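What follows is a set of notes on a single structure, which appears directly below.
The values are calculated or read from the model by the stated rules, or taken from the named source; none is laboratory data. Since the structure is predicted, the reported quantities are computational estimates derived from the model, not experimental observations. Don't worry about glycine lacking a Cβ; one is built from the backbone with ideal geometry, like all the others, and counts go over all protein chains shown. When the accessible area is computed, the model is the full protein with side chains, heavy atoms only, and any ligands, DNA or RNA have been set aside. Shrake-Rupley method; radii C 1.70, N 1.55, O 1.52, S 1.80 Å.
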Amino acid sequence: MTEQTPLIALEIHDRSLWEPSRVLPIIETMERWGYNALVLHQNDHLDVCTQIGHAANYGVSDLRLKKVRNAVAWLNQLVSRLDNFGARLFLEIKEPSIHDYALEFYPGLIDTNGRFDPTSVVWADVCRAKTTDLLERVPGLGGLIVNLSSPESRVSLPDYLAQMGREFEVAAWFDAMIEAFHQPLANCGKALFIRDFSYTEDFQSDVLAAINRTPERHGQSVGASVKITAHDYFPEFPENPGAAMVNGDLVFEFESFGEHMGWGVIPNCRVAEFRERMVGYRARGAAGLLNRVSWEAINGANALDALSAVNVHALPKLIAVDQDETSLVLEWLWDDYGIEGDAAREAAHLLLESWKIPALSYWNGEVFPRHSCLPSTWQEGWLSMETSGMGKRGLDFEIMPDDPRLTDEAGAALFDAKEAGVALADDLAARASELKNRLPTGSAKQFEAFEWLPFFARQFELATKATFYAARAKPHDFTEIGPIVDRLMALADEIGARSNSLEPQPHHHHVLLDPEQIRRFARSLPTS
């Protein structure tokens, strides 16, 4: 792989990244479909794969070292396998992070209240030590992708500052932390990309500004890795504005698993959307892309196990030149299942139409669902919309009487859209059921995902209608909620009965379409 070749990376982001039976077949698919990098994403991966000292408790220290050596043996095996076709291995991590044993060597990481202090200057020393140790253990590593300001890391800088009520100059902190990774990586000829995955616009800007301040030192520059949409992979959201702020090498992050599109339980074909988003990718001269095929909240499920594999197949083909989405889907149907002719054309049409259903779980483009799931309460759904999917349970919010989303006209448009979505879901499910008889056994089994589309669409149709009435809360609105509650309860019973009548479903199916979650939502609704 030359310097001019774009990074075309497939990202695994669940515990299966440690399982040879899962990862090695994925690498075979990578080689076949044109991927040249594998990214293993685990927040504390750097801690798991390094040991920066021997703790006083010899037994614990010795056992931990065995685990580290076992972990890096797996990484070295992957490096060797990937090297067969010129691909590289990257680790993606969130920092600051630390396993407790290291506190014996770095006590300055604890503040006077006994809490981890992310503002400590010692964190740079810890990260440099961990990175140096990793490179000694896995010399063939391609590089690191590092997030430096996410509340999802073991030690959260933004949460700490908010809870402690502290002002803090983050620029110098970001500079020191980036240098802690950059220096040891660059000295070994390894790449470094810094992610902008921050929950707030100010921290996102701070991260991107820090990347731009980093000169080309130690023989190489620092790149930036940004999601295609700001914060998360929400359908129909505009391009991440952070992309325009990056001066250097830019990598775009895509997502094929369906974190916000139904997890592959229902069809998740984003090929048409990816085709549109690749226009911006090419216009910005991106240095490459990451394509996530699993998600840390759900183990044992991967895009390549479902119809979502079409996204994984199509994305590398859109890097250099625009291609028709139907042609890409048809190519995948033949490549993966040997489907051709009229059956292939009908299957492609169904797949390309199906993506409208998970997108319609949103409220006119606003994030009503919670990671594809029905919210636990109508208030949680409303707050999610207010905060673009980042609402916290229990956070106070006020609904204004003149909110434009609660007019009669807005309600009528919302209801029409949801009812049309249910009608489309019913139609796609019926057509897919007929098509299954003309498909090979393996693909016919996959197309059973269409059977869940009407249930997915109907729960959000009812939930958004009920939320409209609950949020507006006019006296006559409460009379509308009662019948919807009854329909939600009946839908929960129907889904439960259907699940029980089928062969055992993967556990994440029961999470996505959970009868008790529907009942929980229904019980949150006011009826008087």
Only residues in region 335-350 that are under 17 Å from residue 453 (Cβ atoms) and at pLDDT 95 or above count as the first member; pair them with residues that are of a type in the set (A, V, I, L, M) and not in a helix (DSSP H, G or I), Cβ under 8 angstrom, at least 6 apart or cross-chain, and list the lot.
347/339; 347/439
Picked from region 467-481 (must be open to solvent by 20 Å² or more (accessible area, probe 1.4 Å) and not in a loop (DSSP other than H, G, I, E, B)), the residue nearest to residue 403 (Cα to Cα) is 472
Looking at region 172-188 only, could you name the residues that are under 17 Å from residue 224 (Cα atoms) and without any contact (Cβ under 8 Å) to a residue 40 or more places away in the chain?
174, 175, 186
Examine region 299-312 for a residue that is assigned to a loop (DSSP other than H, G, I, E, B), of a type in the set (Asp, Glu) and touching a residue at least 40 places away in the same chain (Cβ under 8 Å), and state whether such a residue exists.
no
Residues (open to solvent by 80 Å² or more (accessible area, probe 1.4 Å) and closer than 30 Å to residue 412 by Cα) located in region 482-513
486, 487, 493, 494
For region 318-346, name all the residues that are more than 30 Å from residue 252 (Cβ to Cβ), of a type in the set (Asp, Glu) and either open to solvent by less than 10 Å² (accessible area, probe 1.4 Å) or not in a loop (DSSP other than H, G, I, E, B) (or both).
342, 346
Out of all the residues in region 134-149, which are modelled with pLDDT of 95 or more and of a type in the set (A, V, I, L, M)?
134, 135, 138, 141, 144, 145, 146
Report, by residue number, each residue of region 105-119 that is in a loop (DSSP other than H, G, I, E, B), open to solvent by less than 40 Å² (accessible area, probe 1.4 Å) and not hydroxyl-bearing (Ser, Thr, Tyr).
111, 117, 118
Checking residue 405 against (1) at pLDDT 95 or above; (2) surrounded by fewer than 12 Cβ atoms within 10 Å (Cβ to Cβ); (3) basic (Lys, Arg), which test does it fail?
(2)
Residues in region 436-460 that are out of contact with any Ser or Thr (no Cβ under 9 Å at 6 or more places or on another chain) and open to solvent by less than 10 Å² (accessible area, probe 1.4 Å): how many?
1
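For every residue, the table says whether it meets (1) under 29 Å from residue 348 (Cα atoms); (2) in contact with a Phe, Trp or Tyr (Cβ under 7 Å, 6 or more places away or on another chain); (3) part of a helix (DSSP H, G or I); (4) acidic (Asp, Glu).
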position: 197; (1), (2), (3), (4): no, no, no, no
position: 210; (1), (2), (3), (4): no, yes, yes, no
position: 244; (1), (2), (3), (4): no, no, yes, no
position: 258; (1), (2), (3), (4): yes, no, no, no
position: 262; (1), (2), (3), (4): yes, yes, no, no
position: 266; (1), (2), (3), (4): yes, yes, no, no
Given the conditions (1) part of a helix (DSSP H, G or I); (2) of a type outside the set (D, E, K, R); (3) under 26 Å from residue 260 (Cα atoms), every one holds for residue 437 apart from (3)
Among residues of region 281-298 being open to solvent by less than 40 Å² (accessible area, probe 1.4 Å) and of a type outside the set (Gly, Ala, Ser), the residue farthest from the chain's Cα centre (by Cα) is 281
Have a look at 396, 402 and point out the one that is under 30 Å from the mean Cα position of the chain (by Cα) and without any contact (Cβ under 8 Å) to a residue 24 or more places away in the chain.
396
Right, residue 131: modelled with pLDDT under 95 and of a type in the set (Ser, Thr, Tyr) or not?
no
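Yes or no, residue by residue, for (1) surrounded by 20 or more Cβ atoms within 10 Å (Cβ to Cβ); (2) farther than 30 Å from residue 357 by Cβ:
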{"position": "193", "(1), (2)": "yes, yes"}
{"position": "212", "(1), (2)": "no, yes"}
{"position": "221", "(1), (2)": "no, yes"}
{"position": "224", "(1), (2)": "yes, yes"}
{"position": "227", "(1), (2)": "yes, no"}
{"position": "259", "(1), (2)": "yes, no"}
Residue match in region 82-102 (condition: surrounded by 16 or more Cβ atoms within 10 Å (Cβ to Cβ), part of a loop (DSSP other than H, G, I, E, B) and polar (S, T, N, Q))
yes
Go through (1) surrounded by 15 or more Cβ atoms within 10 Å (Cβ to Cβ); (2) more than 24 Å from residue 146 (Cα to Cα) one by one and return the number of the condition residue 20 breaks.
(1)
For region 121-154: of the residues being farther than 26 Å from residue 253 by Cα and of a type in the set (Asp, Glu), which is surrounded by the most Cβ atoms within 10 Å (Cβ to Cβ)?
133
Those residues of region 125-159 which are of a type in the set (Ser, Thr, Tyr) and touching a strand residue (DSSP E or B) at 6+ places or on another chain (Cβ under 8 Å), in sequence order
131, 150, 153
Here are some residues: 16, 21, 61. Which one is assigned to a helix (DSSP H, G or I) and in contact with a Phe, Trp or Tyr (Cβ under 9 Å, 6 or more places away or on another chain)?
61
Every residue in region 134-169 that is outside any loop (DSSP other than H, G, I, E, B), farther than 13 Å from residue 117 by Cα, without any contact (Cβ under 8 Å) to a residue 60 or more places away in the chain and under 26 Å from the mean Cα position of the chain (by Cα), please.
143, 146, 147
